[in-house]
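Everything on this sheet refers to the single structure shown next.
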């Protein structure tokens, strides 16, 4: 029996996107949320935020919340807002990625110099690099180790500093399309992180590295989560800032640029039309390309959807951009990737082949090409 592949009738989210849902109009749940958050009464959620802040507000000038940051627009906005609008004393934390980019390093320094206390975590690079490689092989996720660490290492540090309140940026499932289970929940837990953000692969990748003879339990410390009893005992809470106010990536960019020293690339990206986000590490381009091979949409589709939902782009304009940018093999970074993963070109392309969706793509002259046309219904 054939299956229909289709695109959101408002933005360009594909029906292949994990956990996504559509209404009878053919609008995805991200676009439905766009409509809803324009008319909803945010006062109850603002009161939830105020209650959460007052519960954790420091009385002696010590840190009272943690914000993970990269120097990019979203973490900078959250930290700035907590400090200057709500009078909190946030501790900003960065987990150093592999293959960091110069512009990302500079933006992080600018953010710190704009007036924030900050901790830079350098998780054991031997473990980080190996988890990234195993994640690439086992999950088609090229910075899997770093993805783990931006949650596990930050939570470990929060526990050690006895700072129970952590604010991450947006809930991508709600804002960009996916599961709606957390839509009306202010807080979420580690099991949600593992199941949704790690795509259920945390144990699989972790078990693989434990098989390596040169790895000890102590080496893995920053990549292991506290157990639920410790989380409960210390009263730790994890929240997405996007739950409490209407999330606007461009607004975040403007605030971060004006107040936190954010700069954008001088040149454009090869895989999208924007130049002011995801500038912290070279592995993101590979992540976006693998997303394209797995599901049929890439970074340009993601960015275009955001612009459509905020009213700054039409669907027809977005379609043109998606056709221009989405199918973007990262030629300019191949040597960097091969050196990082210690792979031959054949091994590297073999992993791409493993994750390419053969219903959506076919190989032409050694490169995967789409069988579909963006925006046009397709049957597999």
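Brief remarks on what is shown
- Scope region 10-42; condition buried (at least 16 other Cβ atoms within 10 Å of the Cβ) and without any contact (Cβ under 8 Å) to a residue 24 or more places away in the chain; matching residues: 15, 22, 27, 32
- Residue in region 85-104 that is farthest from residue 155 (Cα to Cα), counting only those that are in a helix (DSSP H, G or I) and touching a residue at least 60 places away in the same chain (Cβ under 8 Å): 103
- All positions within region 288-301 that are under 20 Å from residue 267 (Cβ atoms) and assigned to a helix (DSSP H, G or I): 288, 289, 299, 300
- Here region 201-215 is the region considered, the condition is being outside any helix (DSSP H, G or I) and surrounded by 11 or more Cβ atoms within 10 Å (Cβ to Cβ), and the residue that is modelled with the lowest pLDDT is 201.
- Considering only residues in region 355-366 that are touching a helix residue (DSSP H, G or I) at 6+ places or on another chain (Cβ under 9 Å) and outside any loop (DSSP other than H, G, I, E, B), the one that is surrounded by the fewest Cβ atoms within 10 Å (Cβ to Cβ) turns out to be 363.
- Qualifying residue in region 230-248 (condition: without any contact (Cβ under 8 Å) to a residue 60 or more places away in the chain, out of contact with any helix residue (DSSP H, G or I) (no Cβ under 7 Å at 6 or more places or on another chain) and more than 23 Å from residue 51 (Cα to Cα)): no
- Of the residues screened, residue 317 is not one that is assigned to a helix (DSSP H, G or I), in the same structural domain as residue 12 (by TED's automatic domain parsing) and under 16 Å from the mean Cα position of the chain (by Cα).
- Among residues of region 151-173, those that are part of a helix (DSSP H, G or I), out of contact with any helix residue (DSSP H, G or I) (no Cβ under 6 Å at 6 or more places or on another chain) and surrounded by 21 or more Cβ atoms within 10 Å (Cβ to Cβ), counted: 4
- Residue identified as touching a helix residue (DSSP H, G or I) at 6+ places or on another chain (Cβ under 7 Å), at negative phi and outside any helix (DSSP H, G or I) among 45, 17: 17
- Test for residue 142: is it surrounded by fewer than 21 Cβ atoms within 10 Å (Cβ to Cβ) and either more than 22 Å from residue 238 (Cβ to Cβ) or at pLDDT 95 or above (or both): no
- The single condition among (1) under 17 Å from residue 103 (Cα atoms); (2) out of contact with any strand residue (DSSP E or B) (no Cβ under 7 Å at 6 or more places or on another chain); (3) buried (at least 18 other Cβ atoms within 10 Å of the Cβ) that residue 273 does not meet is (1).
The values are calculated or read from the model by the stated rules, or taken from the named source; none is laboratory data. The structure displayed is predicted, hence computed values, not measured ones. Please note: Cβ atoms are built from the backbone with ideal geometry, for glycine as well, and neighbour counts cover all protein chains shown.
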